[in-house]
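Please treat every number below as a calculation from the coordinates, not as lab data. Quick caveat: nothing in here was measured; it's all calculated off a predicted structure. For neighbour counting, all protein chains shown are included, and Cβ atoms are generated from backbone atoms with ideal geometry for every residue, glycine included.
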Number of protein chains: 2
Amino acid sequence: MANAFVEKLRGYAPVSSLDEALLEKACVRSRKLPADYDLIHEGDRPGPVFVILSGWACSYKILPGGSRQIISFLMPGDFCDIHVAVLAEMDHSIGTITEAQVATIPRDQMEELVEVRPSLAKAFWWSQLVDAGVLRATIVSMGRRTSLERVAHLLCELCFRMRNIGIATEESIVMPFTQIMLADAVGMTPVHVNRLVRKLRAAGALELGVGTLIIADLKLLSQIAGFYDNYLHRRLRTRQSATA
Amino acid sequence: MANAFVEKLRGYAPVSSLDEALLEKACVRSRKLPADYDLIHEGDRPGPVFVILSGWACSYKILPGGSRQIISFLMPGDFCDIHVAVLAEMDHSIGTITEAQVATIPRDQMEELVEVRPSLAKAFWWSQLVDAGVLRATIVSMGRRTSLERVAHLLCELCFRMRNIGIATEESIVMPFTQIMLADAVGMTPVHVNRLVRKLRAAGALELGVGTLIIADLKLLSQIAGFYDNYLHRRLRTRQSATA
DNA sequence: CGGGTGGTTGAATGAAATCAACTATGGTGG
DNA sequence: CCACCATAGTTGATTTCATTCAACCACCCG
C-alpha cells in the first residue's frame, strides 16, 4: 500500500507517478512517535511541515484555566498547515493521540515541491481548503447542534475521512479515542460525553471499549447527526474503488 | 486613503507600489450592495473571488431546522477563500451585514496575479493562514469559554482586526450588529445574548444602541475575555503608525 | 498488592433555552 | 396624520440541559 499522504492527495487531484515519487522521497525522513507526544507547542516558532503517515494526532489549545480544546483531528495523510512557516509563532499545539509514524518535510523542500510540480501545489491547495471547510463545519456543530448531534457528527466526519483515505472498510470502524478526548473535542465534560455515548450505544450506533469506540451503524449515526459530507469536497475516488 | 484590501495585505507582507497598482486594477469592478444581501449560497458553484472594500459581511450556514450559525465576519480588506474556485460547490453562504462595496476578481485574473507577483502570493497565503487561525480560535471559544467570555472574545477580536486595517481609532469602536446576529455568531439565543451584553454594559465595557454596539473599554473587555491576539499574526504595522 | 487511568452512575447545582409578555422604534399605507 | 405592522430589544418565570461533585468499578501495569 502506498504512502497515506499520496493516497489522500489522490482523492483530491490527479497525482502522476513522478509526483508520487517526489512525495515519497520527501517523506523519507520519518520517525515513530509514542502516543501523547507533542510535535510542537503553541508559541513555538514553526518548523518543518509534519505529515502523519500512520496513527492519529490532533491540534489543540490549552486555556489559562487548564482546560483543553481539540481543534481538529489528524489522520494518515494529513499535514499541519503547509505554509505555517510564514507565520512567526504557532497559535496552537499539535500532538499524537496514538503511536504514530510522522514525516517532517523541511520548509525549503516543501517550497521547491510546490514550485516544480504545479499539480502538487494544486493538490495541497485543495487539501488546505478542505481543512478550512472542516473547521467551519466544526464551528457550526459547536454553535448550533445539540450535544448528541455534535458527538454523532464528529464521529461521522471521522468515518468519512477514514473512508476517503481507504483506512476504513464498510463496517465496524474502530477509533482510538478515550471519552476524555472526545469531550475535549466537542467541548463538553467527560461525564456528559459518557452519557451521550451510551445513548448512542443504546440506539445501536456504537459499541464501546476502553480507549476505543466502534462505529456499528454509520447510516444511523449520520441520521442522528444530520450529517452531510458536502464540506469534505471529495471528488476523484468513489466509494466503490476500495482497492488501490 | 488606499483600498482597504491593499491596506490589509500591507499588515502582513511588504506590498510594492507595482503590487498595489495591480491590486487596485483588479478591484475596479465593484458594486455597492445593500445590507442583508447574499453574495453566494451554500451549494452554489464558486464564482469569482469577493473582496470587501467597505461595509461588513459574514459567512454562515443554515441548518435544516432553520437555525443559523455565523462562521466568520468579513470586514474591509477581507476576501472569501481565494482559491475556492478549485472546489465544486460552496459549503457555506456569504452575505452582507451592512450596505457594502464589494469587488469581484475573476478567477483567472486572480491566478495571474499570484503567478506574476510572488510577493502578492505570499501576502495572500499569509492572509489565508490568519483566517484559519481565526477559525481555530472560534472553535476554542465555542468549546471552552463561558458565554460571557465568548461574547467578549468575539468583540475583542473584531476590534483588533479593525485596528489592524486602520478603521478603528483608539476609543469608542462602533459595530453594526443586532443582538440577533451576535447570537448567531456565538451560538446562543438572542435573549441570552441580551443579558450578557447588558452585563458587559453594566461593567462599563460596552454601550448599546439599536442595531449597534459600541466598545467603550477594550482593555476591560480583553480582560473579561482572556483575549490574546497572537493568533491574528500581525507583523508589520504597529499600533503607533496610525496614518498611511 | 497498590495505584493510576478510564469509565460509570446518581444527586445536586448551575447555566442556558424556552415561553411569554411587553416596550420602543421606524416604516408603510390608508 | 395616524393606524398598523414588523423588527429589535427587554424582562421574568419556567423548563431543560449540562456541569459539578462524589462515589464506585474494572482494568492494566509496576
Residue-normalised 222 nm signal for chain B, counting each DSSP H run of n ≥ 4 as -39,500 (n - 2.57), nearest 500 deg cm²/dmol, is -13000 deg cm²/dmol
Between A:GLU111 and A:SER67, Cβ-based FRET efficiency (R0 25 Å, step 0.05) works out to 0.10
Simple SL model, points at 7 angstrom along Cα→Cβ for B:ALA121 and A:SER16; separation in nm is 1.8 nm
Taking placed amide H atoms and a strict 5 Å upper bound, the residues 5 or more places from A:ILE173 or on another chain that come that close are A:ILE215
Computed Rg/Rh for region B:17-105 (Cα atoms; Rh = Kirkwood radius) stands at 1.00
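Largest first and in whole Å, what are the equivalent-ellipsoid semi-axes of region B:63-157 based on the Cα gyration tensor, each being the root of 5 times an eigenvalue?
On the way: eigenvalues 159, 58, 36 Å².
Working through the eigenvalues yields semi-axes of 28, 17, 13 Å.
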The ³J(HN,Hα) series, computed from each phi in region A:88-100 with the Karplus coefficients 6.51, -1.76 and 1.60 at θ = phi - 60°, rounded to the nearest Hz and given as x for glycine or proline, is 6, 8, 5, 9, 7, 10, 10, x, 6, 9, 10, 4, 8
Here P(r) for region A:146-232, Cα-Cα distances in 10 Å bins, as whole percents, is 18, 57, 24, 1
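In what sequence do B:ILE52, B:ILE105, A:ILE167 fall when counting other Cβ within 10 Å, fewest first? Can you show the working numbers first?
Details: B:ILE52 26, B:ILE105 22, A:ILE167 17.
Sorted ascending by nearby Cβ count, the order is A:ILE167, B:ILE105, B:ILE52.
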Projected onto the charge dipole of the protein assembly as shown (unit charges on the beta-carbon of Lys, Arg, Asp and Glu, signs +1, +1, -1, -1), the Cα from A:ILE62, B:LEU18, A:ASN230 with the largest positive-side position is that of A:ILE62
Placing each pseudo-label 7 Å from Cα in the direction of the beta carbon, B:LEU208 and B:ALA35 end up separated by a distance in nanometres of 1.8 nm
Once both label points are put 7 Å beyond Cα along the C-beta direction, the A:ASN194-B:ASN194 separation in nm becomes 3.9 nm
One decimal, nm, nearest first: from B:LEU220 to the same residue in each other copy, label points 7 Å out along Cα→Cβ, the values are 5.3
Distance in Å, no decimals, from the C-alpha centre of region B:183-212 to the one of region A:26-80 is 36 Å
Which of A:GLY66, A:GLY166, A:GLY211 fluctuates most in a GNM of chain A (C-alpha springs under 10 Å)? That residue is A:GLY66
Kirkwood radius from Cα pairs of the protein assembly as shown plugged into Stokes-Einstein at 10 °C, 1.306 mPa s, gives D in µm²/s equal to 68 µm²/s
Here region B:112-127 yields Karplus 3J(HN,Hα) values (6.51, -1.76, 1.60; θ = phi - 60°; whole Hz; Gly and Pro given as x) of 5, 3, 5, 6, 6, 10, x, 5, 6, 3, 5, 4, 5, 3, 3, 4
For B:ASP38, other-chain or 5+-apart residues with amide H closer than 5 Å (H placed, Pro excluded) are B:THR96
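So, in chain B, how many Lys pairs have Cα atoms under 20 Å apart, if the pair is 8 or more places apart or on different chains? Display every interim value, and only then the final one.
Working: B:LYS8/B:LYS25; B:LYS8/B:LYS122; B:LYS25/B:LYS122; B:LYS199/B:LYS219.
Close lysine pairs found across chain B: 4.
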Once amide hydrogens are built 1.01 Å from N within the peptide plane, the residues lying 5 or more places from A:SER72 or on another chain with amide H under 5 Å from its amide H are A:SER59
By Cβ neighbour count within 10 Å, fewest first, B:LYS122, A:LYS25 rank A:LYS25, B:LYS122
Most fluctuating of A:SER30, A:SER141, A:SER17 in the GNM of chain A (C-alpha, under 10 Å) is A:SER17
Going residue by residue through region A:22-28, the Karplus relation 6.51 cos²θ - 1.76 cosθ + 1.60 with θ = phi - 60° gives ³J(HN,Hα) values, rounded to whole Hz and with x marking Gly or Pro, of 5, 5, 4, 5, 5, 8, 4
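Once the mean 1/r over all distinct Cα pairs of region B:22-180 is inverted, what Kirkwood radius in angstroms do you read off? Before the final figure, lay out the partial values.
Working: mean 1/r = 0.0596 Å⁻¹.
Evaluated over region B:22-180, this radius sits at 16.8 Å.
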